[in-house]
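Enquirer: One structure follows; several queries about it will come next.
The values are calculated or read from the model by the stated rules, or taken from the named source; none is laboratory data. Predicted, not measured: the structure shown is a model, and the values here were computed from it. Every residue, glycine as well, gets a Cβ built from its backbone with ideal geometry; the counts of neighbours run over all protein chains shown. To get the accessible areas, we keep the full protein, side chains included, count just its heavy atoms, and leave off ligands, DNA and RNA. Shrake-Rupley method; radii C 1.70, N 1.55, O 1.52, S 1.80 Å.
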Amino acid sequence: MEASGEWCGREVELTMKGGGEVIRGEVFTYDKGTDTLVLKENCVGQHIASYRMLKGSRIDASSVKLVGTAKAPEAVPSISEATIAR
């Protein structure tokens, strides 16, 4: 399975080989070295989500399709500065 950074943040729908399970989620990352796709699912706000790791060889490549629209990454909350006395 080949992946591109352009897919990160995009919602995909795919089917697993064997059982035919259909999975839908947002592409969080893909690691080419281990052929692992990580999908982000069930997001609640900024800090709660489920992550599903899928082996690329177990995905039916012909079933992968983009769904929905691309989302801009959520802003990371700022951290207040603190002065530490030494």
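Enquirer: Just to check your reading of the model, which residue among Lys17, Lys40, Lys55 is surrounded by 15 or more Cβ atoms within 10 Å (Cβ to Cβ) and of a type in the set (Lys, Arg)?
Expert: Lys40
Enquirer: Let me confirm something: among Gly33, Gly45, Gly25, which residue is under 15 Å from Gly68 (Cα atoms) and among the small types (Gly, Ala, Ser)?
Expert: Residue meeting the stated conditions: Gly25.
Enquirer: Listed residues Gly20, Gly5; which is at pLDDT below 95 and on the phi > 0 side of the Ramachandran plot?
Expert: Sole residue among the options that is at pLDDT below 95 and on the phi > 0 side of the Ramachandran plot: Gly20.
Enquirer: In the range 2-14, what residues are over 11 Å from the mean Cα position of the chain (by Cα) and open to solvent by 80 Å² or more (accessible area, probe 1.4 Å)?
Expert: If the condition is that a residue be over 11 Å from the mean Cα position of the chain (by Cα) and open to solvent by 80 Å² or more (accessible area, probe 1.4 Å), then Glu2, Glu6 are the ones that fit.
Enquirer: Can you confirm whether the range 23-36 contains a residue that is touching a residue at least 40 places away in the same chain (Cβ under 8 Å) and open to solvent by less than 90 Å² (accessible area, probe 1.4 Å)? Lay out the reasoning, then the answer.
Expert: From the range 23-36, those touching a residue at least 40 places away in the same chain (Cβ under 8 Å) are 24, 26; that's our starting set.
Okay, now just the ones that are also open to solvent by less than 90 Å² (accessible area, probe 1.4 Å), so 26.
Checking the range 23-36: at least one residue is touching a residue at least 40 places away in the same chain (Cβ under 8 Å) and open to solvent by less than 90 Å² (accessible area, probe 1.4 Å).
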